[in-house]
1. Can you say whether residue 20 is open to solvent by 60 Å² or more (accessible area, probe 1.4 Å), part of a helix (DSSP H, G or I) and either among the hydroxyl-bearing types (Ser, Thr, Tyr) or closer than 16 Å to residue 8 by Cα (or both), as far as the supplied structure shows?
2. Please go through region 106-134 and pick out each residue that is out of contact with any helix residue (DSSP H, G or I) (no Cβ under 8 Å at 6 or more places or on another chain) and of a type in the set (Val, Ile, Thr).
3. Residues 66, 79: which one is surrounded by 17 or more Cβ atoms within 10 Å (Cβ to Cβ) and not in a helix (DSSP H, G or I)?
4. Residue by residue through region 99-134, note down the ones that are hydroxyl-bearing (Ser, Thr, Tyr) and open to solvent by 30 Å² or more (accessible area, probe 1.4 Å).
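The values are calculated or read from the model by the stated rules, or taken from the named source; none is laboratory data. These numbers come from a predicted model, not from an experiment. Glycine also receives a Cβ, built like all others from the backbone with ideal geometry; neighbour counts cover every protein chain displayed. Just the protein is used for accessible areas: all its heavy atoms, side chains included, with ligands, DNA and RNA removed. Shrake-Rupley method; radii C 1.70, N 1.55, O 1.52, S 1.80 Å.
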Amino acid sequence: GLGATLLRDGLPHGVWFASYQYSKDYLSQIDGTSYPGKSSAFIPLFSGAFAAFAAWAVGYPFDVIKTRIQAAKEFNESKSVAQATREILAESNGRPFAALYRGFWLKIAKAVPASAVNFYVYESVVESLRVIGD
């Protein structure tokens, strides 16, 4: 699982932070403010939610593959990323998207609110520290 874990965590975390920043900047322009400090909680909450959706949309197939590899180890089997992917696709009955995104909406139901709150708290703490430092 290390290769699959790196694929699952590396690229999606880049997408998570980049999409958060993009969304925050875009919404700040629409709002006419320079977030943080001058806007409502909407910007970091929405941007955090958007970032989680984007990150998991990219990374979820790798999570499915990583889980398959880890489950195989429970049965003393060893699988590569390629072997696990081929196995999942072979079981997909011609529906690879459905196979690689099985359970996606449950992950989103957890990740979106957690990311929204995470970024809201982060921005609030940054702003509080900025005020204390002034």
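1. Working: open to solvent by 60 Å² or more (accessible area, probe 1.4 Å): no; part of a helix (DSSP H, G or I): yes; either among the hydroxyl-bearing types (Ser, Thr, Tyr) or closer than 16 Å to residue 8 by Cα (or both): yes.
Answer is no for this residue.
2. 121, 125, 126, 131, 132
3. On the way: 66 fails: not in a helix (DSSP H, G or I).
Result of the check over 66, 79: 79.
4. Just the residues of region 99-134 that are hydroxyl-bearing (Ser, Thr, Tyr), to begin with: 101, 115, 120, 122, 124, 128.
Correct list: 101, 120, 122, 124, 128.
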